[in-house]
1. Test of understanding: what is the full-extension gain from Asp102 to Arg27, defined as 0.36 nm times their sequence separation minus their Cα-Cα distance?
2. Determine ³J(HN,Hα), in whole Hz, for all residues of region 105-120 in sequence, where each value follows from phi through the Karplus function 6.51 cos²θ - 1.76 cosθ + 1.60 and θ = phi - 60°; x replaces Gly and Pro.
3. Of the listed pairs Lys44/Lys65; Lys47/Lys75; Lys26/Lys92; Lys75/Lys122; Lys65/Lys122, which have alpha-carbon separations greater than 29 Å here?
4. Tell me, what % of the accessible area of region 58-114 is carbon and sulfur with a 1.4 angstrom probe?
Amino acid sequence: MKSITTLFLLVVLSGCHPNEMEYSRKRLLEYESNGYSIVINKTKTIKIKDLFLDKRAISKIEIDKERKVINLTRKDTILNRVNLSTIADNSKPLENQLILIDGIAVESNDFETTAIEASAVKNVRVISDSVGNFRRYDKVYIFKTYDND
């Protein structure tokens, strides 16, 4: 009887704790599109679609399904962000530019709202063309701090 009571308490208590997951930008984007809020260190709400985070700076991810909140606990509290508008080629019209972040395309209308942590990505490519067909690479930024783990 004692073991049944212990087992019951473990099941009940485990349901009260938030679930944990490993960092996956794709999975976090899915949660965000399903109405979840994403919070850093239980204080700052972010939009993961607008921020490329360094997964090595995140020590824990907790999912609270009742409140629809995901808390990302970071090892450091400082977000070293670079806004895409500072990377874009200002000598050319923004509407004729596209930025690829590790192969993920970001259109010019999202340059102001999207930022990256330099240590979070392998490379950033700014693609532009005067006729808008995006065939020529004008700038390539390769971040040496990225580790292929």
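The values are calculated or read from the model by the stated rules, or taken from the named source; none is laboratory data. The structure presented is a predicted model; accordingly, all values stated were derived computationally and were not measured. Side chains are part of the model used for accessible areas, which takes the heavy atoms of the whole protein and leaves out ligands, DNA and RNA. Shrake-Rupley method; radii C 1.70, N 1.55, O 1.52, S 1.80 Å.
1. Extra length available between Asp102 and Arg27 comes to 25.3 nm.
2. 7, 10, 7, 4, 6, 9, 4, 5, 9, 9, 9, 10, 8, 3, 7, 8
3. Working: Lys44/Lys65 18 Å; Lys47/Lys75 19 Å; Lys26/Lys92 31 Å; Lys75/Lys122 21 Å; Lys65/Lys122 32 Å.
Checking Cα-Cα distances, Lys26/Lys92; Lys65/Lys122 exceed 29 Å.
4. 47
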